[in-house]
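The values are calculated or read from the model by the stated rules, or taken from the named source; none is laboratory data. Quick caveat, the model's predicted, so the values are computed rather than measured. Backbone-built Cβ (ideal geometry, glycine too); neighbour counts: all protein chains shown. Heavy atoms of the whole protein, side chains included, go into the accessibility calculation; ligands, DNA and RNA do not. Shrake-Rupley method; radii C 1.70, N 1.55, O 1.52, S 1.80 Å.
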Amino acid sequence: DAGQFLVDSGLYETKEEAEQRQEVLGRIDQIVKAWVKQLTRLRGYTDQTVEEANAVLFTFGSYRLGVHGPGADVDTLCVGPSYVNREEDFFIILHDLLAEMEEVTELQPVPDAHVPVMKFRFLGISIDLLYASISLLVVPEDLDISNGSVLHDVDEQTVRSLNGCRVADQILKLVPNAEHFRTTLRCLKFWAKRRGVYSNVTGFLGGVNWALLVARVCQLYPNAIPSMLVSRFFRVYTLWRWPNPVMLCSIEGDKLGFSMWDPRKNPRDRLHHMPIITPAYPCMNSSYNVSISTLRVMIEQFQFGNRTCEEIEVSKAHWSALFEPYPFFASYKNYLQVDIIAADADDLLAWKGWVESRLRQLTLKIERDTNGMLQCHPYPHVYTDMSRQFPHCAFFTGLQRKEGISPQEGQQFDIRGTVDEFRQDINMYVFWKPGMDISVAHVRRRQLPTYVFPEGHRRSRHSRHLNQQQAGKANDDVGKSPSGSIEEQLKRKHDGEMGAVKRVKCASESPQKLLSVSPELCRTSFHEVVKMGFSSNLADVDNNAPFTSCSGQDNGENGDPVVSEDQGGDLSRQVSSQDYISSLAMNEPEPMDLVAEWQHAPDPSECRVGVVETCLEEGTANGSSEGFLNLTGVGVEVEAVPIVPSNQTFVVLGEKEVVCSSSSNWNLNCEVSNSV
């Protein structure tokens with residue numbers, strides 16, 4: 001039973017934890033009320049107005065929906081009067097008040113976010129605090145936030161802040177069984193976190209997105225119990241034809257002139273890849289952060305969930321197989337590593353929040369600059385190297401060539417300009433302090449730092465082979481795999497097949513004589529270069545990780561989802577899609593035209609499995625802070641030869657042999673070849 005599995009997994013908080021949350025919310029409510037009264041007095045209002053001055057605290061998100069677990073954030077909204085603003089009063093004055101309190105730690109303002117927020121911990125409880133100033137001089141204690149009148153004469157950011165609470169209330173009103181909805185949502189959120197697709201800021205889905213997806217399935221199967229709802233969730237969204245929108249109710253008409261999601265009128269809305277529409281006015285796309293790359297990853301995970309649930313239904317797998325962690329660091333051959341450092345822990349917290357909020361732009365820029373040929377998989381988990389002298393954290397993004405595209409000899413993905421543009425965006429941080437630095441580098445799988453692995457070290461090839469045997473023998477033996485770890489079987493297969501030794505030939509010496517290289521060293525293996533300790537990103541993108549193309553969408557010749565630009569604006573087509581899913585839910589006969597249009601998901605046993613063999617060379621990012629190596633002008637010992645400058649980032653892809661020239665102050669020509 002799914003519900004019992006959640007209990008056994010410790011996803012419910014204790015009575016003591018619940019009471020502590022209530023106490024913390026009561027304290028914060030007192031703080032914001034006193035803050036508003038203080039500002040009212042400072043601005044010269046009468047004593048009576050000061051006495052009546054008020055702010056009201058609301059909750060939203062998982063806490064308001066009743067699906068929060070131990071250690072979860074509490075999403076809160078402070079609603080204040082018209083004369084208390086967000087920019088100065090909230091993010092400066094209230095921020096400074098909180099910073100002086102002993103109970104408050106990890107205080108982090110994010111004023112430039114799509115929904116401005118102040119993050120902190122109060123007595124150990126994580127709080128995300130939003131602010132909305134409404135057009136009232138006195139905010140009543142019994143304010144009905146669901147009433148549309150609160151939206152009069154407010155800006156777009158205030159509307160977005162208010163809608164968190166309004167959407168949560170609407171969701172609970174629109175689901176047929178609130179308890180079944182809560183249990184199913186707990187299960188799917190846990191699954192999404194384990195599979196690495198729970199993060200709105202990274203380009204995946206956040207709490208409200210998952211709530212809306214689950215609520216729609218609850219509407220389609222009103223009498224289903226949670227375990228069935230989980231299974232139907234994966235079935236529905238494996239078949240769903242994005243960018244057709246997910247909607248819990250019809251879109252309300254424009255009342256107050258705010259922009260609403262409508263692809264018929266707004267061309268930009270047609271560019272959304274995974275529309276999940278909020279039910280409260282003004283209806284918006286809550287998943288605007290989703291990119292082509294992150295949608296691809298989520299579709300793959302929906303397919304994994306669907307296959308695993310099918311095994312569970314026939315008693316060939318246990319519920320634990322569904323929640324198996326995604327083997328991210330065994331799934332790709334190449335990664336981008338974004339290292340973040342700061343002078344102290346508080347600075348790192350603020351700096352990390354800023355960089356994390358911009359990481360999605362790096363994915364979008366790479367998609368743009370490579371015409372979608374270089375695919376990215378940003379991983380929303382943060383890692384820390386405790387051995388660093390300064391506080392540090394790192395994010396990783398998997399890289400691979402677009403599936404179905406044959407490698408071309410000499411094809412080059414030059415992302416130096418992309419990375420430089422991203423760094424320039426990052427350096428626009430208005431709260432920047434000395435010591436805050438960032439490095440973007442390419443690393444191969446075997447170059448991954450040990451701190452990303454749970455055991456603190458890389459597993460041996462022998463242990464990986466044993467785990468692969470335990471997981472299953474082949475991709476087409478889905479029904480026989482009790483663990484459901486299909487990705488590990490596919491992505492780790494190449495580890496036992498690597499027999500080629502890549503050699504680097506020094507074709508010519510730099511005319512600038514920056515390096516002294518003896519003739520006998522002109523043939524140096526890459527392993528010897530790495531042995532020097534350089535943090536060089538030089539790596540062959542031997543994209544040998546076998547991949548599975550098993551899309552639930554219409555597939556093009558390459559197995560890639562086909563998304564037409566006009567689908568987003570064709571509401572009649574969207575209604576047909578919703579009706580089709582409804583016919584599945586009600587066991588009604590499926591219209592033949594819709595069956596022909598929708599049912600393109602191949603059987604798992606027919607999934608195309610292939611190997612893309614490529615080669616990549618790349619330089620590292622040049623960093624200026626502790627722990628970042630600057631190779632420029634450094635003499636090199638006779639044991640190794642650096643191949644590309646450390647302040648460059650480029651990708652060269654080829655099938656057999658590639659000759660690459662670096663236009664740097666080292667000016668080395670490098671030939672990369674495969675030899676058996």
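A few notes on this one:
- For the stretch 179-218: relative contact order, % (alpha-carbon pairs under 8 angstrom, 6 or more apart): 43
- FRET efficiency for the LEU172 to TRP432 pair, using the beta carbon distance and R₀ = 41 Å, is estimated at 0.45.
- Over 27 Å (Cα to Cα) - which of LYS37/LYS255; LYS193/LYS352; LYS173/LYS265 fall in this group: LYS37/LYS255; LYS173/LYS265
- J(HN,Hα) series, the stretch 66-74, from Karplus relation 6.51 cos²θ - 1.76 cosθ + 1.60, nearest Hz, glycine and proline x: x, 10, 6, x, x, x, 6, 5, 10
- Rolling a 1.4 Å probe over the protein heavy atoms gives the stretch 149-291 an accessible area of 34 Å² per residue.
- Taking one quarter of the surface of the C-alpha convex hull of the stretch 27-136 gives a mean projected area of 7.2 nm².
- Net charge contributed by nearby residues that have their C-beta within less than 13 Å of TYR198 (K/R +1, D/E -1): +4
- Separation in nanometres of the label points that stand 7 Å from Cα toward Cβ, at TYR12 and ILE405: 4.9
- Rounded to the nearest 10 square angstrom, TYR45 shows an accessible area of 80 square angstrom against a 1.4 Å probe.
- Summary of packing: across the peptides 308-314, 396-402, 358-364, 143-149, the per-residue average of other C-beta atoms within 10 Å ranks them, highest first, as 396-402, 358-364, 308-314, 143-149.
- Between the stretch 24-84 and the stretch 191-266, the Cα center-to-center distance that results, in Å: 30
- Modelled spin-label separation between ALA99 and GLN48, with each label point placed 7 Å from Cα along the Cα-to-Cβ direction: 3.8 nm.
- Cut-off 20 Å, label 7 Å out along Cα→Cβ of ALA34, residues of the stretch 63-81 by amide N: 77-81
- Based on the reciprocal of the average 1/r between different C-alpha atoms, the Kirkwood radius for the stretch 295-393 equals 16.5 Å.
- Residue order for MET118, MET260 - accessible surface, 1.4 angstrom probe, largest first: MET260, MET118
- Long pairs among LYS189/LYS402; LYS365/LYS402; LYS119/LYS189, criterion Cα-Cα beyond 23 Å: LYS189/LYS402
- Per-q log10 I(q)/I(0), the stretch 388-448, q = 0.14, 0.17, 0.23 Å⁻¹ (Debye; single scatterer per alpha-carbon; no solvent): -0.63, -0.85, -1.23
- Measuring max minus min along each principal axis, the C-alpha atoms of the stretch 227-271 give extents of 42, 22, 11 Å (largest first).
- Between SER250 and GLN361, the contour length at 0.36 nm per residue exceeds the Cα-Cα span by 36.8 nm.
- Shape descriptor for the stretch 330-447: Rg over Rh equals 1.00 (Cα atoms; Rh from the Kirkwood inverse mean 1/r).
- The slack between LEU143 and ASP420, meaning 0.36 nm per residue of separation minus the straight C-alpha distance, is 94.9 nm.
- An ellipsoid equivalent to the stretch 123-226, defined through the eigenvalues of its Cα gyration tensor, has semi-axes of 29, 19, 13 Å when rounded to whole angstrom and sorted largest first.
- Placing dummy labels 7 Å off each Cα toward the beta-carbon, the span from SER315 to ILE92 is 6.9 nm.
- Ligands, DNA and RNA left out, the 1.4 Å accessible surface of the stretch 330-420 is 46% carbon and sulfur atoms.
- GLU421 - accessible surface, heavy atoms, 1.4 Å probe, Å² rounded to 10: 60
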